[in-house]
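To start, the structure under review is shown below, and the notes come after it.
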Amino acid sequence: MLRQSWQIFLKDVRMELRGKEALNASLAFALVVLILFSFAIDPTSEQIREISGGLLWILFAFSGVLLVNRSFLREQSNDCLDVLLVNRVPASALMLGKTFANLLFILMIEAVCLPVFSVLYNINLFQLPLWLIGICLLASWAIAILGTVFAAMTVNLRLRELMLPVILYPMIIPALAAAMYLTNIVSVGKVPEGDDLIWVRLLVGFDVIFTTLALGLIDTILVD
Amino acid sequence: MFDKILLAVGLTSGLYLVRNLYTMLLVLPDEAAQGMIYRIMFFHIPSWWTCFLSFLVAGIASAVAIRSKSNRADSLAVAATEVGLAFTFVGLATGMIWAKIIWGIWWTWDARLTWAFITALTYAGYLMMRNMIPDPSERLRVTGVLNVFAFASVVICYKAIDWWRTQHPGAVMSFRTGGGNIDPAMEGMTYHNFIAFLLLCVVMVTLRLRQEETLREIEGLRRLAYSR
């Protein structure tokens, strides 16, 4: 199964890197929103330090949805999805491969946006780089796994671009809230401790619970 | 016969509510700190319990539906979700009225309130999604999975007062605190109203379930007519 996941992952990454459709659009969108923030709040004020985590994760959630929306859409032409499933690729392998591909795309967006945000708003987000990377990995996984499952659910809908955010955002709020809170603390150079650790536990718990649920239920969505 | 039982349950619920209103307004005294507004809790807390239970039933029904491809279970899931959502809005509205009087604001973004709001949005998304999938078997699978996922927000909402320090009051019922936080007469009143709400909920879910079954039959007949 892992080998098949790896193949799907490679295929999706290769397809995306050749066309760069979703990646470019999502990156351009993210940068535009980054600029829009400067009109919403005074970019030179201290206030932005306290809300940087919130702004960033709203941004990543929005651009993440643009990315995951594409992942099953790619398989729609020529009925690729059916062909894959008929050829006994387990639905869970398919989902896992796509989730890892989406995770990589989201991380790529973050890798560009975090330094740009740091420079434009004069905040050093990288005071605790390992914590920041950990938060990014955990929260991006949450967006990727739930995004991929819900993209599989909505792929046949006429209004899929509209429906995916409507059902996805309420579900990922716990992970986003945790990521926002932790990014805020880490960006001022404070190591999360004591009461802050509940957010770390929430983030890890969220990932474990929803990954298990997704792996258990994806067969129902795609195969039956 | 079944109709008569349903009517009887509905009437019992109505009479029970009237009896409860009499007790809470004319028998029970005002609360020491909050005055008379505390009585809205007799509607607020039971409506949340009823909505949590409805969502639990909907979640289990959805799991059964996707496991055994049962259309009936799917109908039960949608019926319970709709009724649960109605009780969610009752809970939100009563909570907001209480908050305006006690806190001076309609809403605050603490964990409990936020998750209550998220729960309402999640289940509203489920109902919206159902309208968008015309094929019944695909609808059963996809929205069934969504309903199982959605139950996570109910669990978080229920446990939020334990996990975070919230402005929303903590647990007061003796089955969660071991007693001593609420007068037994007031606690008893809450349970009485819960039973009345639950009976009402059963009637509403049953009626909605029947509608859903009829709708399915009509859909089937329509497909048959088109295929001829």
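Between the alpha-carbon centers of the range A:197-222 and the range B:149-196, tell me the distance in whole angstrom. Taking the Cα centre of the range B:149-196 as reference, the centre of the range A:197-222 is 26 Å away.
Cross-link reach is defined here as a Cα-Cα straight distance under 25 Å, omitting same-chain residues fewer than 8 places apart; for A:Lys98 the lysines meeting it are A:Lys11, A:Lys20. From largest to smallest, the equivalent ellipsoid semi-axes obtained for the protein assembly as shown from the alpha-carbon gyration tensor read 41, 33, 17 Å.
Note on the range B:2-227: along the principal axes its Cα atoms extend 69, 42, 30 Å, ordered by decreasing extent. If R0 is 56 Å, the Cβ-Cβ spacing of A:Arg3 and B:Thr23 corresponds to a FRET efficiency of close to 0.25. Here the label points at A:Val32 and A:Ala111, each 7 Å from Cα along the C-beta direction, are separated by 2.5 nm in the simple model. Note on B:Leu198 and B:Glu213: the model spin-label points, each 7 Å out from Cα along the C-beta direction, lie 2.4 nm apart. Take each residue of peptide B:168-177, count the partner chain Cβ atoms within 10 Å of its Cβ, and average: the result is 0.
Going 7 Å from the Cα of A:Asn87 along its beta-carbon direction, which residues of the range A:184-224 have the amide nitrogen within less than 18 Å of the resulting point? A:223, by backbone N distance to the label point. Applying D = kT/(6 pi eta Rh) to the range A:2-222, where Rh is the Kirkwood radius over alpha-carbon pairs, T corresponds to 4 °C and eta to 1.567 mPa s, the Stokes-Einstein value obtained is 72 µm²/s.
Sorted ascending by nearby beta carbons within 10 Å, beginning with the fewest, B:Trp109, B:Trp103 become B:Trp109, B:Trp103.
Could you give the length gained by full extension between A:Asn122 and A:Leu157, i.e. 0.36 nm per residue of separation minus their alpha carbon distance, to one decimal place?
Contour length minus the Cα-Cα distance gives 8.3 nm.
If R0 is taken as 45 Å, the Cβ-Cβ distance between B:Met36 and A:Glu193 corresponds to a FRET efficiency of 0.50. Computed per residue of the protein assembly as shown from DSSP H runs no shorter than four, each worth -39500 (n - 2.57), the mean residue ellipticity at 222 nm is -28500 deg cm²/dmol.
Throughout, read-outs are computed from the coordinates displayed, never taken from laboratory work. No experiment lies behind these values; they were computed from the predicted model shown. For neighbour counting, all protein chains shown are included, and Cβ atoms are generated from backbone atoms with ideal geometry for every residue, glycine included.
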